[in-house]
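J.: Can you keep this structure in mind? I'll have questions shortly.
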Amino acid sequence: MRGRDVIGVRHLLDGARATVGRGPDAFARISIGDAAQDVTIAEVDRGEFALLVPPRARVRSHLASGLGQLGIGPQRLVLAEGDRSVLVFPGGIHVRAQIVPIETFSRSLGTTRHPARWLAVAASLYLAALIVCATLAPSKVSVATASLQRAALDAQAAAVIGAP
């Protein structure tokens, strides 16, 4: 973030890293001091979440245990689930990092019956909606019945009008 403006977002899974700088792989295009190259600030390797604090940057961490930590780079912090940190670079640039559990698409499918279950649920909801709509919709009166009703009303009106 630069002030309140979000200038980049990156979600890291196992084997990924996040860099800032001017290169094509940087998720945030910023200048970091005199460095002409990208700076890696986070990486995930075999379930270990590391925050890499570059030189001249500060870090503020809030651990899941409720403790807070302050630090200055260069430093490597290993974070656990529920921990969150903020890297503060010179020039008012902040990078927020938080370890949250996510369920990837491949793990969410579970068994092969999963899509069939969702299809059955969707079909059931559609059928229920059709039944509700059919019950709430006004019933159609056949043309013959409507003609007989109209003739009876006309006869009644004529009898009332013709009566002294």
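J.: Scan region 52-69 and give yes if some residue there is touching a strand residue (DSSP E or B) at 6+ places or on another chain (Cβ under 8 Å), closer than 17 Å to ALA16 by Cα and of a type in the set (Gly, Ala, Ser), otherwise no.
T.: So far as region 52-69 goes, no, none of its residues is touching a strand residue (DSSP E or B) at 6+ places or on another chain (Cβ under 8 Å), closer than 17 Å to ALA16 by Cα and of a type in the set (Gly, Ala, Ser).
J.: With the structure loaded, tell me whether ALA123 is under 32 Å from the mean Cα position of the chain (by Cα), over 30 Å from GLU81 (Cβ atoms), modelled with pLDDT of 65 or more and not assigned by TED's automatic domain parsing to the domain that holds HIS62 or whether it fails that test. Full working, then the answer.
T.: On the way: under 32 Å from the mean Cα position of the chain (by Cα): yes; over 30 Å from GLU81 (Cβ atoms): yes; modelled with pLDDT of 65 or more: yes; not assigned by TED's automatic domain parsing to the domain that holds HIS62: yes.
The answer is yes for ALA123.
J.: Test of understanding: among LEU87, LEU13, LEU79, which residue is surrounded by 14 or more Cβ atoms within 10 Å (Cβ to Cβ), of a type outside the set (Gly, Ala, Ser), in contact (Cβ under 8 Å) with a residue 12 or more places away in the chain and within 15 Å of VAL100 (Cα to Cα)?
T.: None of the others qualify; the one that does is LEU79.
J.: Do we have any residue at all in region 2-14 that's within 17 Å of VAL86 (Cβ to Cβ), of a type in the set (A, V, I, L, M) and more than 24 Å from the chain's Cα centre (by Cα)?
T.: Scanning region 2-14, I find no residue that is within 17 Å of VAL86 (Cβ to Cβ), of a type in the set (A, V, I, L, M) and more than 24 Å from the chain's Cα centre (by Cα), so the answer is no.
The values are calculated or read from the model by the stated rules, or taken from the named source; none is laboratory data. Please read these numbers as outputs of a predicted model, since none were measured by experiment. FYI the Cβ positions are ideal-geometry reconstructions off the backbone, even for glycines, and counts take in every protein chain you see.
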